[in-house]
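The values are calculated or read from the model by the stated rules, or taken from the named source; none is laboratory data. Here the structure is a predicted model, which is why all the values come from computation and not from measurement. Here the Cβ positions follow ideal geometry from the backbone for every residue, glycine too, while neighbour counts run over all protein chains shown. Accessible surface is based on the protein model in full, side chains and every heavy atom, while ligands, DNA and RNA are left aside. Shrake-Rupley method; radii C 1.70, N 1.55, O 1.52, S 1.80 Å.
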Amino acid sequence: IRESATLTRDVLEQHFNDLKGTLKKLLDERLMSLLQEVDAIEQQSIKPLDECQKLIEHGVSTADDLLRDGESAVHGDVGQRNEKLCSFTKKALHIQLDSLPEVPSLVDVPCLSAQLDDCLLTILKNQIFSHGTVASRPPVQLEEFVEKPGGILVRWCKVDDDFIPQDYRLQYRKSTASHFEDVYVGSETEFIVLHIDPNVDYQFRVCARGDGRQEWSPWSVPQFGHTTLVPHEWTTGLEGYSLSSRRNIALRNDSQSCGVLYSKAPTYFCGQTLTFRQVLSGQLIETVGQSDRRDSLGVCVEQQNGCDSLQRDKAVCISTNGAVFVNGKEMTNQLPPVTSGSTVTFDMEVVQLGPSSNEGGNFKLRVTISSNNREVVFDWVLDQCCGSLYFGCSFSYPGWKVLVF
């Protein structure tokens, strides 16, 4: 409680300090704009009046000079009086003392004033007093972390019965990082976060957006999750396949060479789910090429580099036409064909470990293969105990692209 309260105080203080700085900047900019407008009106309006004043002052100065000349002619010597009067008369005839510049009427002269409406303060007051809330409990919380190979399945749930969620927003960060980053936004309540380093703690948090709302809810209590499972990788060096930098995506290229592409190591364990799926988890069939009856996706006990398909002994697989093979034998039950966007999952659990059974083996796995909302369940009998399995794929034609995790 104390930690979240301290963090909330820091967030509130930082937010309102930022608002103060922004508001001051905006008010200063508006004040400067209005003052510049006053200066422009003043300079534009005062210019003709200044010119008029200069003309009037020049006329008055000229009249004063002429008046002094007339007084000097009247009161001067008798001998020079006629000459000065003649000069005064000529000068007076050339000066138009009865003309004045046009002076604008008083109503046409600008009279500046500031129009300030106090309603802005009322609007700001109402907005400020309703700005921000403090929530004691967020409406969604993190519920579960499930380890996946090179990833973590994160689940969350709604804890506020009155809250109607529209979208969820999941963020995470490495324990050594300082900032969270978005990893999922959508309506689902679970998401597999990929590219997770094994045995490293990651911190997660989730929030929600109410139905018809734009703002996000408060964040959930941050929680740590990790995975101890190394990521699935395809093996390198097979000529017919091109791999991504993380070696989790395999693309059947144009090479004429064919064969089974296996995993780098037997990283699939019973009790896990191995999934071929377009976006969220497992393996993704992103694009498809031309199909062949020997094409297959599945798991096996060991690598057999001389085979061109997983439709063999010590392997279970599904072909691209939906046929299911167990130890090389086709089952009567069939799944939908594998196409672009198809979802295929493998789930296995140990159901027998002991003396040899009637089928001749002493190790039995219950296998569930699901594809496009349909599934088949069967027992896979082996003559040896297998704690981990390889996965693999084989495609005869280019264009198939498989992501595994």
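From the list T228, T176, exactly one residue is assigned to a loop (DSSP other than H, G, I, E, B), of a type outside the set (D, E) and within 30 Å of F391 (Cα to Cα). Which is it? Don't jump to the end; show me each part of the working.
Values: T176 fails: within 30 Å of F391 (Cα to Cα).
On inspection, the qualifying residue turns out to be T228.
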Can you name the residue in the stretch 1-26 that is surrounded by fewer than 11 Cβ atoms within 10 Å (Cβ to Cβ) and hydroxyl-bearing (S, T, Y) and is also modelled with the highest pLDDT among such residues?
-> T22
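Restricting to the stretch 247-263, and then to whatever is in a loop (DSSP other than H, G, I, E, B) and charged (D, E, K, R), can you tell me which residue is farthest from F395 (Cα to Cα)?
By that ranking, first place goes to R247.
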Residue hits (the stretch 196-217; open to solvent by 60 Å² or more (accessible area, probe 1.4 Å) and touching a Pro at 6+ places or on another chain (Cβ under 8 Å)) are D211
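Residue-by-condition table, conditions (1) modelled with pLDDT of 90 or more; (2) of a type outside the set (S, T, Y); (3) open to solvent by less than 70 Å² (accessible area, probe 1.4 Å):
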residue	(1), (2), (3)
L238	yes, yes, yes
R246	no, yes, no
L261	yes, yes, yes
L274	no, yes, yes
Q278	no, yes, no
G282	no, yes, yes
L297	yes, yes, yes
G306	no, yes, no
D313	yes, yes, no
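Would you please name the residue that is surrounded by the most Cβ atoms within 10 Å (Cβ to Cβ), looking only at residues in the stretch 168-178 that are of a type outside the set (D, E, K, R) and either within 12 Å of R205 (Cα to Cα) or modelled with pLDDT of 95 or more (or both)?
Initial filter on the stretch 168-178 (of a type outside the set (D, E, K, R)): 168, 170-172, 175-178.
Now restrict to residues that are either within 12 Å of R205 (Cα to Cα) or modelled with pLDDT of 95 or more (or both): 168, 170-172.
Values: Y168: 22, L170: 24, Q171: 19, Y172: 22.
Among those that are of a type outside the set (D, E, K, R) and either within 12 Å of R205 (Cα to Cα) or modelled with pLDDT of 95 or more (or both), it is L170.
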Residues of the stretch 202-219 being within 20 Å of G151 (Cβ to Cβ) and in contact with a Lys or Arg (Cβ under 8 Å, 6 or more places away or on another chain), in sequence order, are Y202, Q203, V206
Near pairs, Cβ below 7 angstrom, 6+ apart or cross-chain, from the stretch 335-357 (outside the structural domain of E375 (by the TED database) and at pLDDT 90 or above) to any residue that is of a type outside the set (G, A, S) and loosely packed, with under 13 Cβ neighbours inside 10 Å = none
Being open to solvent by 100 Å² or more (accessible area, probe 1.4 Å) and either not in a helix (DSSP H, G or I) or not hydroxyl-bearing (S, T, Y) (or both), is that true of even one residue in the stretch 145-160?
-> no
Scope the stretch 248-259; condition farther than 19 Å from V299 by Cα, touching a residue at least 24 places away in the same chain (Cβ under 8 Å) and either within 31 Å of the chain's Cα centre (by Cα) or open to solvent by 40 Å² or more (accessible area, probe 1.4 Å) (or both); matching residues | D254
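Just checking, does the stretch 18-38 include any residue being assigned to a helix (DSSP H, G or I), under 22 Å from D108 (Cβ atoms) and among the small types (G, A, S)?
Of the residues in the stretch 18-38, the ones assigned to a helix (DSSP H, G or I) are 18-38.
Then keep just the ones that are under 22 Å from D108 (Cβ atoms); that gives 37-38.
Restricting the remaining residues to those that are among the small types (G, A, S) gives none.
Scanning the stretch 18-38, I find no residue that is assigned to a helix (DSSP H, G or I), under 22 Å from D108 (Cβ atoms) and among the small types (G, A, S), so the answer is no.
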For P336, the lone unmet condition from (1) within 25 Å of E233 (Cβ to Cβ); (2) part of a loop (DSSP other than H, G, I, E, B) is (1)
Does D201 satisfy being more than 30 Å from R2 (Cβ to Cβ) and in the same structural domain as V183 (by the TED database)?
-> no
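In the stretch 112-144, which residue that is open to solvent by 100 Å² or more (accessible area, probe 1.4 Å) and among the charged types (D, E, K, R) is farthest from Q36 (Cα to Cα)?
For the stretch 112-144, the residue satisfying everything is E143.
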Of all residues in the stretch 27-61 being more than 24 Å from A114 (Cα to Cα) and of a type in the set (S, T, N, Q), which is most open to solvent (accessible area, probe 1.4 Å)?
-> Q53
